[in-house]
Amino acid sequence: MSVPSLIDKLKGWWHGEFRVYTALDRDSAELRARHLHTVTRLTPLMVGANLGNALLVMLALEGTASVGARALWFVSLLLVCGLGLRAWQRRRHAVVQRVSPRGIRHAVIGAGVLASLWSVTAVAWFPHAGHDQQLLLASMMLGMMCGGAFALAPLPGAALVYIGVLGTASQWALMQLAGSVIVALQALLFMYMAVLGASAMATARMFTARLRSEREAARQGQLVGLLLRDFEEHAADVLWEIGPTGVLTHVSPRLAAALGSPASALQSTGLVDALQSRNTGTEGEGQLGALRTALTLGHAFRDLVLPVQTASGLRWWSLSAKPLVDEGGRHAGWRGVISDVTQARETHRRLAYLAHFDSLTGLANRLELRERLARMLEADDGIDQHTALMCLDVDHFKAINDTLGHAAGDAVLAEVGRRLQSCLRQSDLAARLGGDEFALVITNVRSDEEIHALARRVVQVMCQPCDVAGRQVALGTSIGIALAPEHGSTLDELMGNADLALYAAKDAGRGRYELFVPRLGDRHRRRVAIEQALRGAIARNEMNLHWQPRVDVLAWRVVGAEVLLRWQHPELGRIPPGEFIGIAEESGLIVEIGTWVLMRACAHAAQMAAPLVVSVNVSPAQLLREDFAATVRQALEQARLAPERLEVEVTESLFMDASPLALRNLHALRELGVRIALDDFGTGYSSLAYLRRFPFDTLKIDRAFVRELMTRHDARAIVKTIIELAQTLGMSTIAEGVEEPAQLDLLREAGCGSIQGFMVARPMPRGDFVRLLANWCDRPQNSVPVDLDISLESDRRVA
């Protein structure tokens, strides 16, 4: 490798390793100033050492070197030292913030000049001096080399030049001597020079790193100070700081305002004392004791909450702090923050309340009821003293909510909560489970008669009309009661049995209460068995269709038939539709079953010779599906049945929800040509409004009116009104449940179009219905109806 390339590599290494001495950026300039200041502050000491050594040399070399040469050397050294001392004197009070690379170069040159002057003693006088003089000069040169290297270490360039010049001169002086140890001394000198150079560079790197750390710490300190000042001025929390004795050492204006005292008065006050003077009650005293303990232990703590009485009222403060230590590691106090958590505490209290209580009625919710009831049942004396659980709901609440609006419904529920509370003792519990469902927990029940009396009172109080928005609303309730331990010793068992009793009260006519009896459990088990059996009943071919003919009153001919679903289970036997249809609707199976009925009815109707209209009952759950109209179209296309031969029957309950989807489906069926019939018209919530909203083809008069035609004048008037209304709106009418010729005569006189019922024929399998059609022309109007007891085996054959 050539010398120029070696020099270039050394320059590159130097600029990379000691970039701070050559870079032009602000940080490097400030670091150079610190380095240079560290060296120049030793100028008086270094000047004194140089002059002292020079005088020693002048005296030691007397007789060896000429007086003129020694004088010239001494004057030159004195001049250099004087210039350095003068520069130090001029700048010793000035604070130099930044130094350019040029200033560092000047320092390197100065070190080189000084070293060169001292090299004269080694080069010119050492070889000619006596043994004692050589020993003195060698010791002095070695000391000057070491001392100068360490003094100039913050400026590694100057240190290396200084060591290099003195070391080279010393090596040359040794070369002038003869002797066997000279080579060894030269090697030792070279090692000393290398060690001193490496030490100087290492010291320079450490010094630079320390300066950078100090600068970064100072910068972070400034940032922290700025953040703390901003925190004190704008943050919601308040800073506090106390000394080792607990006295406040830093009182910000916000802390003084929070404590309601001047800052000057708080400077000599302990934090605990300041808080104790604003303490409220035993809870605050306990929290202050916890604060004292935390300060005594000396460990950091967080979120210690205590109440404080302030000018703005009672507030809740959360204290967090950590201990402070001084440079010696001794405890120096505490620094922390005070957070006002009053709003958060109130929010937490509110959320805790809402987690266990109903916001509308103020009663306990389902969670609180279950927890309270579980504690009662688990207590040692809970079972012995008897606990009663009453489950109840508001009769026909959905109609109230839909008719008067949700605001009125909420007002009714709030009134129900107040009435229930008025019926209970302080030890009892009233809860709202959701919607219009409520529950009462009655403790310490002494007798069954006590529960019966309370249930009667609740029913009586609940049946009183309620004034809502200036309107009188009739209320009612149904109650189911279960007793512990007779009706269940576990929470779920007791609540399940109370629900069973509630269902029994509803089935018995509402506005009443029922006490759980074991047979209700049997009915529930049968209900579960039916629901399980329903799943797969179609696949197992357990269901079939029965047909009930519909007869034109004037022509006395069969014009259609209503398809009715029948189910024969191999173990449960024949299950009435009134029992399994409701279960199918609640379990969601009604859609699958209804689709099967629709497909089967259309297929069978298409196979009949007579062009009769087949009527199929449709559940609201089917009409609330997006694909219902498409399902009907598919059934018609697969059976190749004309749309006008299919009639879909819907009930009035469908229109109570006023579902836009259901109305869209009905309109889609009308566009296909399918007929729409309104079943059981005149019962429930009949309204002319939905007769205007949807143009039905047929109104079916409920059998309840037909049954009373011969005994009640109002029933005859209602039937006549329905028929006249249908004629006015262009609809046909069908009377259900016609069993007597006298009923037929009244219906014909009123203008009814068609009838169906036992007078014509009972529901029958398809094969019997086909035979009925074939023999119909031979049957007079007063003939005996077809018997319902038709062989199911026959029905399976024709299906």
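The values are calculated or read from the model by the stated rules, or taken from the named source; none is laboratory data. Predicted, not measured: the structure shown is a model, and the values here were computed from it. Note: ideal-geometry Cβ built from the backbone for every residue, glycine included; neighbour counts use all protein chains shown. Side chains are part of the model used for accessible areas, which takes the heavy atoms of the whole protein and leaves out ligands, DNA and RNA. Shrake-Rupley method; radii C 1.70, N 1.55, O 1.52, S 1.80 Å.
Overview of values
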| quantity | calculated |
| --- | --- |
| Rh by Kirkwood over Cα pairs, then Stokes-Einstein D for the chain at 0.890 mPa s and 25 °C, µm²/s | 63 µm²/s |
| Efficiency of FRET between residue 185 and residue 59 - r from beta-carbon atoms, R0 30 angstrom, step 0.05 | 0.75 |
| Signed unit charges on C-beta, dipole axis of the chain, positive-most listed residue 141, 207, 317 | 141 |
| For the range 496-512, 3J(HN,Hα) per residue [Karplus equation, 6.51 cos²θ - 1.76 cosθ + 1.60, θ = phi - 60°, Hz, x = Gly/Pro] | x, 5, 5, 5, 4, 5, 5, 4, 5, 5, 5, 5, 7, x, 6, x, 7 |
| Two-decimal Rg to Rh for the range 687-773 - Kirkwood Rh, Cα set | 1.02 |
| Dipole of the range 524-568 [Lys/Arg +1, Asp/Glu -1 at C-beta], most positive-end residue of 546, 564, 528 | 528 |
| Dipole axis of the chain (+1 Lys, Arg; -1 Asp, Glu on Cβ), positive-most option in 607, 248, 663 | 248 |
| Calculated from backbone phi, Karplus (6.51, -1.76, 1.60) coupling profile of the range 241-257 in Hz, x at Gly/Pro | 8, 10, x, x, 8, x, 7, 5, 10, 9, 10, 7, x, 6, 5, 4, 5 |
| Convex hull (Cα only) mean projected area of the range 255-348, reported in nm² to one decimal | 6.7 nm² |
| Highest average packing first - 731-741, 300-310, Cβ atoms within 10 Å | 731-741, 300-310 |
| Evaluated over the range 378-492, the Cα radius of gyration and Dmax, each in Å | 15.4, 50 |
| Kirkwood Rh and Cα Rg combined as Rg over Rh, evaluated for the range 454-547 | 1.17 |
| Gap separating the Cα centres of the range 719-759 and the range 543-585, nearest whole Å | 21 Å |
| Distance in nm between pseudo-label sites at residue 66 and residue 128 (7 Å out along the Cβ direction from Cα) | 0.9 nm |
| Close Lys-Lys pairs in the chain, where close means Cα under 29 Å and separation is 8 or more or interchain | 4 |
| Cut-off under 5 Å, modelled amide H: who pairs with residue 357 long-range | 365 |
| Cα centre as origin, Lys/Arg/Asp/Glu Cβ charges: the range 564-644 dipole, Debye | 320 debye |
| The chain - mean residue ellipticity at 222 nm from DSSP helices (-39,500 (n - 2.57) per run, n ≥ 4, rounded to 500) | -17500 deg cm²/dmol |
| FRET E, pair residue 326, residue 421, Förster distance 45 Å, beta-carbon r, rounded to 0.05 | 0.10 |
| Under the Karplus curve 6.51 cos²θ - 1.76 cosθ + 1.60, θ = phi - 60°, whole-Hz ³J(HN,Hα) for the range 69-80, x wherever Gly or Pro sits | 5, 5, 5, 4, 4, 5, 5, 4, 5, 5, 5, 4 |
| Computed E for residue 625/residue 532 - FRET, C-beta separation, R0 25 angstrom, nearest 0.05 | 0.55 |
| Surface share of carbon and sulfur [accessible, 1.4 angstrom probe, percent] for the chain | 57 percent |
| Per residue value of the accessible surface for the chain (all protein chains in place, 1.4 Å probe), Å² | 51 Å² |
| For peptides 537-549, 492-504, 626-638, sequence by mean Cβ density within 10 Å, most packed first | 492-504, 537-549, 626-638 |
| Cα-projected label distance for residue 637 with residue 19, points at 7 Å along beta-carbon direction, nm | 7.8 nm |
| Size of electric dipole in the chain: Cβ of Lys, Arg +1 and of Asp, Glu -1, about Cα centre, debye, nearest 20 | 4740 debye |
| Folded to 0 to 90 degrees: helix 366-378 orientation relative to the chain principal axis, Cα | 90 degrees |
| Antiparallel DSSP beta bridges within the range 532-659, as percent of all bridges there, nearest 5 | 60 percent |
